[in-house]
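What follows is a single structure, written as structure tokens, with notes after it.
The values are calculated or read from the model by the stated rules, or taken from the named source; none is laboratory data. On a predicted model such as this, the values are computed, not experimentally measured, just so you know. A quick note on method: Cβ atoms are made from the backbone with ideal geometry, for glycine too, and the neighbour counts reach across all protein chains shown. Note: areas computed on protein heavy atoms with side chains; ligands, DNA, RNA excluded. Shrake-Rupley method; radii C 1.70, N 1.55, O 1.52, S 1.80 Å.
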Amino acid sequence: MPAADVDALAMYDDNGNGRISCAEARAHGIAPVRRGHPAYEYMNDRDGDGVVCE
């Protein structure tokens, strides 16, 4: 499913703060989250390697 067709915040942002945390990603079974996943744009890839919650 293309990222544009998925409302990642509705699916993974459990606390409604507009961001998806690693705890939320793990709770939904999507961690690690790679660039291209719908949730990625709402997460903080601090080292810029294209993978969050590794």
Give Glu54, Glu24 a once-over and let me know the one that is touching a Phe, Trp or Tyr at 6+ places or on another chain (Cβ under 9 Å) and not β-branched (Val, Ile, Thr). Glu24
Within region 28-54, which residues are open to solvent by less than 80 Å² (accessible area, probe 1.4 Å) and assigned to a helix (DSSP H, G or I)? Tyr40, Tyr42
Would you mind stating whether Ala23 is open to solvent by less than 90 Å² (accessible area, probe 1.4 Å) and in a helix (DSSP H, G or I)? yes
